[in-house]
Amino acid sequence: MMQRWIGPLIVGVVLAIAAYFVTLSRSPQTLMSAAVSRMERLGGINTFGHMPLATDKSRAVVRPSPDLAYSACPFDLSKGPLAISVVPVPANYWSLSVFQANTDVAFVRNNIEGRGQPMQVVVAQEGQATPAGAAVVRVKGGRGVALIRILVDDPARFPAIDAARRGSSCKAIAAG
Amino acid sequence: MKPLVRYLVLGVVGVVAGLGSAIYTVRAGALGSNVQIGPWTTGMDFGTADQSMRTRAVVALRGLLALPAREARYYTASVDDAGRPLNGRCSYRITGGQLPGRWWSLTLYDSAGYLTGGGPYSVESAAIPAENQARWTVLVSPVRQQGLWLPTAGLKHFDLTLRTYLPPDEGRTNPARDQLPSIRQEACS
């Protein structure tokens, strides 16, 4: 009687282990893709959306920092690389980070490392042609998020910071 | 029962069990549950290729777009110093000093990871007077308090995230217990 269940039991255990690891390995991509879609609905794709300071109404991402002004560029590289330009802002700390499809950070640089100078990078997948001389950030997967974080240690400074950050840009480069 | 039906039943049970276990593992995981320092949990490999499959999944759920350790360290507490879950109907005294980073902030979140309570939502290092940087106190309570205060909104559960930016040693070492704030429960209503 029991012997008839041994084969099905082994199959069940193997499928359980496989389902566990497939779910665990795919969930970051799924959650990132959902976040990219959410941001796309709020401000479009391959362009920076400049968010207000986070409040208890904010739902774009989990655990937003209320001390930071976020500008997010959800990107899709399926039609070509992305050019990002970040202008300095009047804040003690700001940074640009690029998150690839599996949520890993492909690039991060802050104003202190960059000596307060503007930053320009091109985000591209492996094999995509990029402009000569560009600082290239290679990512795995076509969808992700470029994020500017700006420290707002005094809310009175936010209007000036908000005005300045709008000089930053994020746009697709036509495939060459 | 026919053999094919037996394989089908246990196959479906296996897939559902594996799927459910993975979802539970991710949902039950704290942000940075691989290192425990007093009530604080943290990790050093967020956002990097070195992080485990589980860490990557938990960070994607609980702290998507987290920075790597060289830029910021994240410490999350869902219990007090005595190991009791943080309860929004209780008051807590958070006491700390100089923290390992160029600047820091302490933020209160609901159990889903969103801000709550109508503000203030966080206390950051610039709010601490210079003479108190070596010894400061933040009160966490459902009712307004004098001084630095974070409201709990009476939530059944909440947690605290401490962010330290530009940590020394590029975030490669964990601070000692006494370098991170203590969380002491006071009265409960």
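Take A:Leu9 and decide whether it is within 30 Å of A:Arg166 (Cα to Cα) and facing chain B (nearest Cβ under 10 Å).
Taking the combined requirement at face value, the residue does not satisfy it.
Just one of (1) closer than 27 Å to A:Ser27 by Cα; (2) more than 11 Å from chain A (Cβ to nearest Cβ) trips up B:Gly113, so point out which.
(2)
Report yes if B:Thr107 is under 25 Å from B:Asp178 (Cβ atoms), among the hydroxyl-bearing types (Ser, Thr, Tyr) and free of Cβ contacts under 8 Å to residues at least 60 places away in the same chain, otherwise no.
yes
Can we say B:Ala153 is under 21 Å from A:Asn92 (Cβ atoms) and among the aliphatic types (A, V, I, L, M)?
Criteria not met by B:Ala153.
Would it be correct to say that B:Trp136 is within 23 Å of B:Leu64 (Cα to Cα), touching a Leu at 6+ places or on another chain (Cβ under 8 Å), more than 8 Å from chain A (Cβ to nearest Cβ) and not aliphatic (A, V, I, L, M)? I'd like the intermediate steps shown before the answer.
On the way: within 23 Å of B:Leu64 (Cα to Cα): no; touching a Leu at 6+ places or on another chain (Cβ under 8 Å): yes; more than 8 Å from chain A (Cβ to nearest Cβ): yes; not aliphatic (A, V, I, L, M): yes.
Criteria not met by B:Trp136.
Give the number of residues within the range A:21-51 that are more than 13 Å from the chain's Cα centre (by Cα), part of a loop (DSSP other than H, G, I, E, B) and among the polar types (S, T, N, Q).
Matching residues across the range A:21-51 total 0.
Can you say whether A:Asn111 is without any contact (Cβ under 8 Å) to a residue 24 or more places away in the chain, within 12 Å of chain B (Cβ to nearest Cβ), in contact with a strand residue (DSSP E or B) (Cβ under 6 Å, 6 or more places away or on another chain) and not charged (D, E, K, R), as far as the supplied structure shows?
Answer is yes for this residue.
How many residues does the range A:52-75 contain that are in a loop (DSSP other than H, G, I, E, B), over 14 Å from the mean Cα position of the chain (by Cα) and hydrophobic (A, V, I, L, M, F, W, C)?
So the answer is 2.
Filter the range A:128-172 for residues that are part of a loop (DSSP other than H, G, I, E, B) and either crowded, with 18+ Cβ neighbours inside 10 Å or among the aliphatic types (A, V, I, L, M) (or both) and give the result.
Within the range A:128-172, A:Gln128, A:Ala129, A:Thr130, A:Ala132, A:Ala134, A:Ala135, A:Val152, A:Ser168 meet the criteria.
Exactly one of these conditions fails for A:Asp56: (1) within 18 Å of A:Arg165 (Cβ to Cβ); (2) without any contact (Cβ under 8 Å) to a residue 12 or more places away in the chain; (3) not hydroxyl-bearing (Ser, Thr, Tyr). Give me its number.
Status for A:Asp56: all satisfied but (1).
Being touching a residue at least 12 places away in the same chain (Cβ under 8 Å) and polar (S, T, N, Q), is that true of even one residue in the range B:6-24?
No, the range B:6-24 contains no residue that is touching a residue at least 12 places away in the same chain (Cβ under 8 Å) and polar (S, T, N, Q).
Looking at the range B:16-51, which of its residues are among the β-branched types (Val, Ile, Thr), surrounded by 18 or more Cβ atoms within 10 Å (Cβ to Cβ) and at pLDDT 85 or above?
B:Thr41, B:Thr42, listed by residue number.
The values are calculated or read from the model by the stated rules, or taken from the named source; none is laboratory data. Computed from a predicted model, the values in this text were never measured in an experiment. Counting neighbours? That spans all protein chains shown, and the Cβs are built from the backbone with ideal geometry, glycine included.
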